[in-house]
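Enquirer: Here you go, one structure.
The values are calculated or read from the model by the stated rules, or taken from the named source; none is laboratory data. Everything quoted here is computed from the prediction, not taken from an experiment. Every residue, glycine among them, receives a Cβ derived from its backbone with ideal geometry; neighbour counts consider all protein chains shown. We work out accessible area using only protein heavy atoms, side chains counted, and drop any ligands, DNA or RNA first. Shrake-Rupley method; radii C 1.70, N 1.55, O 1.52, S 1.80 Å.
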Amino acid sequence: KVYLNGNATPEISAEMDKGYPDGVAQIFLGGRNDNFSNFQGKMAEISLYDRALTNNEATGHAKAAGPRK
């Protein structure tokens, strides 16, 4: 699920298999060094969890982060 800007309803919701092997300690979010498929600075804050959050957990995290600027 993808929750944008503290919304209680996910912007995107889907089921999928994990795309990385067990034991991976780091995941890179952003564009490649050749600028292919990058996010062009459009991501300010990202949280990645090892499970799906409930809607209440996701909105709670957004509220704890403080007001949007």
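Enquirer: Roll a 1.4 Å probe over the protein chains and send me the accessible area per residue for segment 20-66 in Å².
Expert: 91 Å²
Enquirer: Suppose only helical runs count, i.e. DSSP H with n ≥ 4. What mean residue ellipticity at 222 nm does that imply for the chain under -39500 (n - 2.57) per run, divided by all residues and rounded to the nearest 500 deg cm²/dmol?
Expert: Working: 1 runs with 11 residues, N = 69.
After summing the helix terms and dividing by the residues of the chain, the value is -5000 deg cm²/dmol.
Enquirer: Give me the percent of accessible area attributable to carbon and sulfur for the chain, probe 1.4 angstrom. Please list the in-between numbers first.
Expert: On the way: 3230 of 6540 Å².
Using a 1.4 Å probe with all protein chains present, the chain comes out at 49 percent carbon and sulfur.
Enquirer: Could you give the size of the charge dipole of the chain about its Cα centre, using +1 on the Cβ of each K and R and -1 on the Cβ of each D and E, expressed in debye and rounded to the nearest 20?
Expert: Working: 8 positive and 8 negative charges, 72 e Å.
Computed charge dipole of the chain: roughly 340 debye.
Enquirer: If you average the C-alpha positions of segment 6-22 and of segment 33-47 separately, how far apart do those two centres end up, in angstrom?
Expert: Their Cα centres are 18 Å away from one another.
Enquirer: Highest mean first, what order results for 20-27, 54-61, 6-13 on Cβ atoms within 10 Å?
Expert: Working: 20-27: 6.4, 54-61: 13.8, 6-13: 11.4.
Put in order of decreasing packing, that is 54-61, 6-13, 20-27.
Enquirer: Moving to a separate point now. In degrees from 0 to 90, rounded to the nearest 10, what is the angle of the helix 55-65 Cα long axis to the longest principal axis of the chain?
Expert: Taking Cα atoms only, the helix is inclined about 90 degrees.
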